[in-house]
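Student: Below: one structure in structure tokens.
The values are calculated or read from the model by the stated rules, or taken from the named source; none is laboratory data. Bear in mind that the values here come from a model prediction, so they are computed numbers and not experimental data. Please note: Cβ atoms are built from the backbone with ideal geometry, for glycine as well, and neighbour counts cover all protein chains shown.
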Amino acid sequence: MKINSSKDSQAQINELNKQHNKRIQQMNKELTNIDKEFNQRKKILKEEGDQELALQKTENKYKLQKDIQENEQKLIEQYGKLEKTQQQMAKEISQLNDHHKDSIRELNMINQEQFEENYLKNAETKEKLHDQTVQFTKDLEDKTNSEVKLKDIQAGQRIKGLDQFNADRYNTNEKLYENEFKKAKNRNERSLQQQEKDFQFNYKQLGYKQDQTLKEIDQTQKLQLDNKQKHYQDILKQKDQSFKEKYKNMVELHNGIIERTQSRFQNEIDNIVKTHADNKKTILDKMEDDFYHVRMIDPTIEENEKFYEISLKVPPHEKETVQIAANKRNIKLTLSRRFSDQIDNIDGTHAQSRKSELLSQTINVNELVDPSKVTQKYEEGVLKFKVMKL
């Protein structure tokens, strides 16, 4: 862009600085909005995580209560089965007691019958012996009345001896019966005691087994409850750890996004500052460079036997804007300059300005020149053209 005056250049520099400051304020505002959005998103994620954790805790508590109720129901069923078993055992005990009582009654009846039978047999024997003795006495009285008197004492002694013999025999039989009855009673009592001992032993064994079974069931249920509770606690810990890791990763991700955004904004700011600085430097350089204040071409020309050498001071970035044309005895220099500038506004729009200048000068020479044999070179800020003569 062509500089008309230092005031215009300073105004453009001020405008660029103002736009640069607005751009920086806009980026700072965007960073603030990103921070607010990140904090809001972080708060929402934390609330969602807390809700999810509370929901998981409630669900695990419900499952635990459900398992406890199921185990309590199973325990109640086991207690019901135990009560049924105890009732069945009590019924069996009652049946065994009734059976033992019936056995004792049967043994007592058998012993009583044997006792009565032996007693009747002894009584019959005694009556028979008595009848025989009376009959024999009568016969003796009938046959030998005389002998009765003589042998009355012997007969009385004999009768006494027989009575004593019968009494002794009766006492002996009675003692034998009593001994047998006592032995049978002792055997029955020992058998009953042994059966009662066996029953008590079996009852204790069955009760011990049932106690062991109940203890094992109780321990198994407690172990299952502990395992399930531990399992649910492990799940809660894993959920909590997963949420913390997820939250940490999201924080790190957002911090990375903010850092990258800040870095990108800083790079853009640096690029804008650099671009503005370069533009400012270019403008200042153009203001200080005499080339951009030229209103006419002022080349120098040298001649020798074979060619003409035309020299012109040109900045390096403007050397391509100078053209030369040779025809007969005329050498024409043309300088074509184009100025363009673009300003990026904060709202994203662009303001462009373009301008072009064309300066030319024709040099008349004495001899004919060859337009096909023109060369150029650039050295130390000077553009040199060599035009061959015909």
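Student: What number goes with the only condition from (1) surrounded by 13 or more Cβ atoms within 10 Å (Cβ to Cβ); (2) within 30 Å of Pro316 (Cβ to Cβ) that Thr261 does not pass?
Tutor: Going through the list (1) surrounded by 13 or more Cβ atoms within 10 Å (Cβ to Cβ); (2) within 30 Å of Pro316 (Cβ to Cβ), Thr261 breaks only (2).
Student: Further, regarding this structure: Being within 60 Å of the chain's Cα centre (by Cα) and of a type in the set (A, V, I, L, M, F, W, C) is true for just one of Ile110, Ile93. Which residue is that?
Tutor: Ile93
Student: Kindly provide the set of residues from segment 299-326 that are at pLDDT below 90 and part of a strand (DSSP E or B), ordered by number.
Tutor: Lys313 - this is the single residue of segment 299-326 that is at pLDDT below 90 and part of a strand (DSSP E or B).
For every residue, the table says whether it meets (1) at pLDDT 90 or above; (2) β-branched (Val, Ile, Thr).
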| residue | (1), (2) |
| --- | --- |
| Arg337 | no, no |
| Asp341 | no, no |
| Asp344 | no, no |
| His350 | no, no |
| Ser356 | no, no |
| Ser360 | no, no |
| Ser372 | yes, no |
| Tyr378 | yes, no |
| Val382 | yes, yes |
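Student: Of the conditions (1) surrounded by 11 or more Cβ atoms within 10 Å (Cβ to Cβ); (2) within 33 Å of the chain's Cα centre (by Cα); (3) not acidic (Asp, Glu), Leu31 fails just one. Which one is it?
Tutor: It fails just one condition, (2).
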